Amino acid sequence: MGPTAQRTAWQIQCDVIHALLVREMKTRFGKWKLGYAWVLLEPAMHIMVLATIFSFLGREFYPGIPTVLFMLAGIAPFLFFTHSFSKSLAAVESNRGLFNYRQLRPFDAVVTRVLLEFAIYLFSLVALLGILAWFGIAATFNDFLLLVAVNILYLCFCLGLSLALCVAGAKYPEAAKMGPMIQRPLYFMSGVFFSLEQIPEQYHPYLAWNPLLHVIELTREGLFASYHGMFANLPYLAFSSLAMLGFGLLVYRASWRDLVRSQ
Amino acid sequence: MIELRNLTKSFRTPHGRKVLFKDVNAVFPEGKNIGILGRNGAGKSTLLRIMGGIDYPDYGRVITNERISWPMGLASGFQGSMTGRENAEFICGIHGIWGRDRRKVLDRVQDFAEIGDYFDAPVKTYSSGMRSRLAFGLSISVDFDCYLVDEVMSVGDAHFKHKCEQVIAEKRKTANFIIVAHAMPQLKKNCDVGIYLGPQGLQIFDSVEEAIELYQQGLPKPRAQQQNRAAQALNA
């Protein structure tokens, strides 16, 4: 049974990504007890910890939205970002053995990882919203189409970023050390667990450059009818996502052979 | 057909670039088995991998319409926490083999590798012999026009070796081989065209015997060595 003689480039791409997805799922969840439950447990635990701390402080972040929901809508997208960030930095090194198959190149490894993280993010967000709603913690839903648009753009953003990062991670292994240094400030600057409105107004124009902030605020706007993000700007998010995707594709195209080539 | 066009490859070393071969142009017609010879570090495996589209040259291209395999018997793509079957399924997947065909391939692999129930155990629990048997079984169970062989025809015990030789003889009817080896009889038996990678770069010969001759020129004669040793023994 040979490889089907006339596979088109698109078919090969689909076959490779399909096979890689299955493989990633098996290796990621196979080794732990509770396996797939970790998809939900990680964001859930994250939110629990933050929610307990802040409920002790006795604050409500946004009128009309339960604190837990407010944080879930920030943490779930942010976890997708950090996961695709760190996974793509290591994507080339950890898949080196696979590049002996000529149809499998770093692009496939990165795309697969980002797609899987994206699926996990969406699934965990929906499942946790459902579970919370079952316990009676819910807010009025707002705009489904906005959510779809935001998430497609966000996927483009992370894909572009990951492609650029996989090149950076392979060429400069020190880049992996920079990861946490970039992620931590972003965590605070993206309004993950508090509203940036409390920051003095003269800094707002600078904060508004951060696309993640727009993603999180727009996600909240899509989810909760009573939320109005003061930074949220869909055209800006669209522009920065497509620019990032273009940038990532260009960086990858310029240097992908160097990632595989023996030097 | 495999065509090499202006192929140049060099390696970085602390003392500057070391050129393996430069501006190589060649056309290998369909149906030719190619043997690659050379000393250790001459770039044999690199050339094999470049021809197979796995590695890339500094300049130039390899043009081919054949379906070329991964290096035969290669186990580095295995994921230790997955079972042999899951690993085999993955390989089938990236080659576009799904459904009924895949089941056939898996049966063939299990049958050929003779690892029995271990096929459903994680690969990290395998012995090195089982690992290479699984890898070799996979290589021969997926059909290609051209197979890459990088000094691996010697895996496993005598029984398995014999089986491999049989299978390769069978495969030779429908497919070609590009072989890197140090075993001359094996090259003589399996190859039509010889490539010699020497200090002067890359030379291509119409018969593998010529390449072998050139390769062996630099070798000390076994008999002379023996005489030397005998003489030394006498002197002592």
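The values are calculated or read from the model by the stated rules, or taken from the named source; none is laboratory data. Everything numeric in this text was worked out from a predicted model, so none of it was measured. Note that we place each Cβ from the backbone using ideal geometry, even for glycine, and neighbour counts take in every protein chain shown.
The condition of being more than 8 Å from every other protein chain (Cβ to nearest Cβ) and not in a helix (DSSP H, G or I) does not hold for B:I140. If you go through segment B:80-97 and keep only what is facing chain A (nearest Cβ under 8 Å) and free of Cβ contacts under 8 Å to residues at least 40 places away in the same chain, you end up with B:E86, B:E89, B:F90, B:G93, B:I94, B:G96.
Of A:L213, A:L234, all but one fail to be touching a residue at least 24 places away in the same chain (Cβ under 8 Å), aliphatic (A, V, I, L, M) and either farther than 18 Å from A:S195 by Cβ or surrounded by fewer than 18 Cβ atoms within 10 Å (Cβ to Cβ) (or both); the exception is A:L234. With the condition kept exactly as written, say whether any residue in segment A:185-204 is exposed (fewer than 13 other Cβ atoms within 10 Å of the Cβ), under 25 Å from A:D108 (Cα atoms) and out of contact with any Lys or Arg (no Cβ under 8 Å at 6 or more places or on another chain). Among the residues of segment A:185-204, not one is exposed (fewer than 13 other Cβ atoms within 10 Å of the Cβ), under 25 Å from A:D108 (Cα atoms) and out of contact with any Lys or Arg (no Cβ under 8 Å at 6 or more places or on another chain), which makes the answer no. Selection within segment B:1-42: residues that are small (G, A, S) and touching a residue at least 60 places away in the same chain (Cβ under 8 Å). The member of this set that is farthest from B:N176 (Cα to Cα) is B:A42.
Of all residues in segment B:70-79, those being assigned to a loop (DSSP other than H, G, I, E, B), of a type outside the set (A, V, I, L, M) and at the interface with chain A (Cβ under 7 Å from one of its Cβ atoms) number 3. Cβ-Cβ under 7 Å, sequence separation 6+ or interchain: first residue in segment B:174-190 and within 14 Å of B:G31 (Cα to Cα), partner of a type in the set (D, E, K, R). Which pairs? Going by the 7 Å Cβ cut-off, the qualifying pairs are B:A175/B:D145; B:N176/B:K32; B:N176/B:D145.
Being among the polar types (S, T, N, Q), at pLDDT below 85, surrounded by 15 or more Cβ atoms within 10 Å (Cβ to Cβ) and outside any loop (DSSP other than H, G, I, E, B), is that true of even one residue in segment B:108-128? No, segment B:108-128 contains no residue that is among the polar types (S, T, N, Q), at pLDDT below 85, surrounded by 15 or more Cβ atoms within 10 Å (Cβ to Cβ) and outside any loop (DSSP other than H, G, I, E, B). Scan segment B:98-107 for residues that are surrounded by 17 or more Cβ atoms within 10 Å (Cβ to Cβ) and at the interface with chain A (Cβ under 8 Å from one of its Cβ atoms) and the total you get is 2. Scanning segment A:184-229 for residues that are under 17 Å from A:G64 (Cβ atoms), of a type in the set (S, T, N, Q) and out of contact with any strand residue (DSSP E or B) (no Cβ under 9 Å at 6 or more places or on another chain) yields a total of 1.
Would you confirm whether any residue within segment B:60-69 is at pLDDT below 85 and outside any strand (DSSP E or B)? Among the residues of segment B:60-69, not one is at pLDDT below 85 and outside any strand (DSSP E or B), which makes the answer no.
Taken over segment B:23-59, residues that are more than 14 Å from B:L4 (Cβ to Cβ) and either in a loop (DSSP other than H, G, I, E, B) or modelled with pLDDT under 85 (or both) amount to 8.
Listed here are the residues, each with its yes/no results for (1) within 30 Å of B:Y56 (Cα to Cα); (2) over 18 Å from the mean Cα position of the chain (by Cα).
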position	(1), (2)
A:G160	yes, no
A:M181	no, no
A:P205	no, yes
A:F224	no, yes
A:R253	yes, yes
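Could you pull out the residue among B:G35, B:G53, B:G77 that is touching a Cys at 6+ places or on another chain (Cβ under 9 Å) and of a type outside the set (A, V, I, L, M, F, W, C)? Don't jump to the end; show me each part of the working.
Numbers: B:G53 fails: touching a Cys at 6+ places or on another chain (Cβ under 9 Å); B:G77 fails: touching a Cys at 6+ places or on another chain (Cβ under 9 Å).
Answer to the selection: B:G35.
Does A:L145 satisfy the criteria of being part of a loop (DSSP other than H, G, I, E, B) and modelled with pLDDT of 90 or more? I'd like the intermediate steps shown before the answer.
Details: part of a loop (DSSP other than H, G, I, E, B): no; modelled with pLDDT of 90 or more: yes.
Here the answer is no, as A:L145 does not meet what is asked.
Only one of the numbered conditions (1) away from every other protein chain (no Cβ under 14 Å); (2) over 26 Å from A:M244 (Cβ atoms); (3) polar (S, T, N, Q) is not met by A:N100, and that is (1).
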